[in-house]
Each structure stands twice: as structure tokens, then as C-alpha cells.
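Written out below as C-alpha cells is the structure these notes cover.
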Amino acid sequence: MFYSAFIMGFIGSLHCVGMCGPIAMMLPADTSKRWKFIMGRVLYNGGRIMTYAVLGLLVGFIGESTTYFVSQKSLSILLGGLILVGVFLPKSWQQKLSLNGYVFKFTNYIKASLSKLFKKHSLTTQFSFGILNGFLPCGLVYAALSGAFLTEALTDGMLFMFLFGIGTLPMMLGVSLGATWLRKTFGAKLPKLIPITYSLIGLWLIFRGLIISFPHIIKQNIDLSNIPFCH
């Protein structure tokens, strides 16, 4: 299951390049020395991944608590279905689903804090920038948290989100280091790539729920050992 977290992060990082890429490229930086610039970018991404891990720890704990009331297979299928509904929901309906007032206030607080950090250039500032950036609303992170929730364990949820963050690292580190070609290459394709990414995540969650529900049937269907030409 954990390898899927990395794959989810790696594929989904195409989404990150378009949505968070501009922020990553405008990060405050100490350009007096090349190593300080690189270290600052690494610390920014490290802070972002640390936030994901902490969120994974939290949802893992919640998932562990809910196993006594709801089965894992049902949750997996339900969450996958909700993601697919979100993908195909008409935009007119999506706009009506505005953020909760408290969530909106929290988001504004994070953005205001990020604005203040733009004025500073220390390595600590860039690490803090990454931590705060990890809390910004992001559909991809929410989808990953669904997977972490289904691990039904505190430490497993944290590990899931950590690996998800590691999966986003190659693209996001490249963009934050100034590889503008990444955004130019994938920017035009994002409108098509984002729904495809979310759809794959939703289908994976549903398939995972079905595996849990019918492990023997699915195993039998994908077992090719009995086919004559397979030697």
C-alpha cells in the first residue's frame, strides 16, 4: 500500500508544478552563496513534507478510531466514490460548495503568515515557509489523506503521507531550484492531467475496497498461472 503513496505523489506532482510552482519559484532566498540557495530550497520542501507527515499522523489516528464503527472496505469505496464525484461534478455546482467560514479564516491566516515570510531570507524562514505551505488547501493532499486515513494506524498514516511527500519532491525541488521548463512543459497540460490524476486515485481507492471485500475472487481473476501459454 505504501508504494502507492509515492506513486500518487509523483504523478500528482504535475498538479503541484502548476498550482504551487509559482510560489516555489518566488521563495525568499539567500543568493550570496550557491549552497545556501540550494539548502534553502531543500529545507522548504522538507518543511512541506513534514507538515504532510503530521497531517498523516492525525488522520491515521482518526482512521484507527473509526475502525470500530465502519469497515475499511466501505470507507475505501466511499472515499474513492466521493473523489470521482468531485472530478465529474459540474463547475457551477463546485462553485456553490464554498469553504467553511472557519476554514476560510484559517487559510487567510496562513496566507498572511506566508506574506510576512517573503520579506526574510534565512534558512529557518524557508523551512517555516514549507511548513505553512503544507497547510494550504489542496485537492491532491486531501486525496492522499484519504489513503492515509485508510491505513487505520497512527504511524502508518504518517508514513503514507511522508512517502507521498517524497513522491512530490523531484518535481517540486526542480521547480523551486528554478527549472522553469518544468512548468512550461506541463503547464499547458494541467487542465487534462489534474482530473486524470484524481480519477486514478479515486479508482484505486475503490479497487482497494473491492480487494478487501472479495480477496479470493479478485486473486483468482488475476491469476494467470493456469493459462496454457503462461510457462
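Applying the condition of being among the aliphatic types (A, V, I, L, M) and within 11 Å of the chain's Cα centre (by Cα) to segment 117-161 and asking which residue is most open to solvent (accessible area, probe 1.4 Å) yields 145. Cβ separations smaller than 9 Å between residues 6+ apart or across chains give no pair from segment 43-64 residues that are without any contact (Cβ under 8 Å) to a residue 24 or more places away in the chain to residues that are open to solvent by 10 Å² or more (accessible area, probe 1.4 Å) and not hydrophobic (A, V, I, L, M, F, W, C). Count of segment 78-113 residues, restricted to those that are open to solvent by 60 Å² or more (accessible area, probe 1.4 Å) and at pLDDT 75 or above, is 9. If you go through segment 172-192 and keep only what is modelled with pLDDT of 70 or more, hydrophobic (A, V, I, L, M, F, W, C) and more than 13 Å from the chain's Cα centre (by Cα), you end up with 173, 175, 177.
The values are calculated or read from the model by the stated rules, or taken from the named source; none is laboratory data. In this text, all values refer to a predicted model and were calculated from it rather than measured experimentally. Every residue, glycine among them, receives a Cβ derived from its backbone with ideal geometry; neighbour counts consider all protein chains shown. These accessible areas exclude ligands, DNA and RNA; they are computed on the full protein's heavy atoms, side chains included. Shrake-Rupley method; radii C 1.70, N 1.55, O 1.52, S 1.80 Å.
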